[in-house]
Amino acid sequence: MPFEIVKNDITKMRVDAIVNAANNSLLGGGGVDGAIHRAAGPQLLEECRALGGCETGEAKLTRGYRLPSKYVIHTVGPVWRGGSEGEPALLAACYRNALALAGQNNCDSVAFPLISAGAYGYPKAQALQVAVDEITRFLEANDMMVYLVAFTRDAIELTGDLYGEVAAYIDDVYVQERHDFDREARRSQYLRDGAPRGMPDPGSLFRRPHREDNARNETVFSEANVERLTAVQGEAQAEMSGPRDETFAGMVARKLGEKGIADETCILRANVDRRLFGKVMNNQGYKPGKQTALAFAVALQLPLDEARELLTKAGYTLSHGDKTDIAVEYCIMTGYYDVTEINEVLFKLDLQPLGY
Ligand code: AR6
């Protein structure tokens, strides 16, 4: 089931439960705790008083009162004391216990803040890693939509090189495309508005040549073109991994079989929910959204040419005029197929995540 990092104020999330990064007293505080109490109203504090506090790593549930979410799950993260006092295990327990409580209360969707990453001083990148590991593990066995809510993009800090590499690749490729785009725009303007002073009239460049002068050349040219096109099409056909009329669902099914990937694994690796997976696979004519199509290419760990082929079957191309496409292209080219890691990078770059 899907996991998404979103930029938002957690008190605005329309989910079944939001998680509060509280303290042991459960009687309110600053940060996200203060924001949740303010938005929920005084009845939340009243209910919290009756709970008798909460141990670090444990979780307790209350109603949401004026919040758009039905419940608040209060959990207490560890204060960071250098990392050798059991902080990672305690932080993991917060996510595990909060998710279990959400499950016991039939929640379909839950939103977390980055617990301990504010006043409690847990290093942000490490806090994110613990959150992602626990949420991913939970989603391997449970159906739920889980959000990690960051107030700002800076709240999410990534370890590893992928973010920097993708950003650099976008810089290279996207800038190049803009350059081409500008040149194309200038050419269109030239054709539309006429030649700037000193340039030949566009009409003289694109006017059809006199037949008698050019008949021979034209024929030769078009024959050569047909030959070339036929050759290119032949190559393209040869490069395709499956039959030309194969559908998106057909290619996904074939690749699952060839690679021995179970449906459940594909659902997780594509970050899609079971219903969407069923819709894609059981309806030969179904055209998924582009982010979903990209997610399947990643889940199936397709090489770039086959990823392009799969996208074509859903009516899309990988464009160098689209930053998400460029980012995903880089990940595929370099063999990064972890959808969560890719989505973290897309979040930081303010681009659309994959999946659903
Ligand atoms: N929406 C989403 N994220 C938020 C929001 C919000 N409205 N407000 C803050 N954050 P913190 P902790 C982020 O300090 O580190 C309280 O006083 C924030 O940027 O709220 O677990 C409690 O009573 C950071 O990334 O929680 C405790 O005493 C993350 O939420 C203590 O703070 C957590 O920051 C708990 O400290």
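Distance from a point 7 Å along Cα→Cβ of Leu51 to each backbone N in region 104-127: keep the residues under 20 Å and list them by number. Those under the cut-off are 104-121. Ordering Tyr337, Tyr95, Tyr163 by the number of other Cβ atoms within 10 Å of each residue's own Cβ, fewest first, gives Tyr337, Tyr163, Tyr95.
For region 15-66, the set of trypsin sites (Lys or Arg not before Pro) satisfying both a DSSP loop assignment and a count of at most 13 other C-beta atoms within 10 Å is given as Arg66. Look at Thr312, Thr62 and count the other Cβ atoms within 10 Å of each Cβ; fewest to most, that gives Thr312, Thr62. Apply the a/c threshold of 1.5 to the C-alpha gyration tensor of region 75-125 and tell me whether it is rounded, prolate or oblate. Since a/c reaches 1.5 and a/b is larger than b/c, the shape of region 75-125 is classed as prolate.
For His320, His37, His74, the sequence from fewest to most other C-beta atoms within 10 Å is His320, His37, His74. With the simple model of a label 7 Å out from the Cα in the direction of the Cβ, Asp172 to Glu258 spans 2.7 nm.
In region 54-114, Cα pairs under 8 Å separated by at least six residues give a relative contact order of 34 percent. When the square roots of the Cα gyration tensor eigenvalues are ordered a ≥ b ≥ c, the ratio a/c for region 3-155 is under 1.5, which makes its shape rounded.
Coordinate-derived values only; no laboratory data. Note that this is a predicted model, so its numbers are computed, not measured. Positions of Cβ are backbone-derived with ideal geometry, glycine not excepted, and every protein chain shown enters the neighbour counts.
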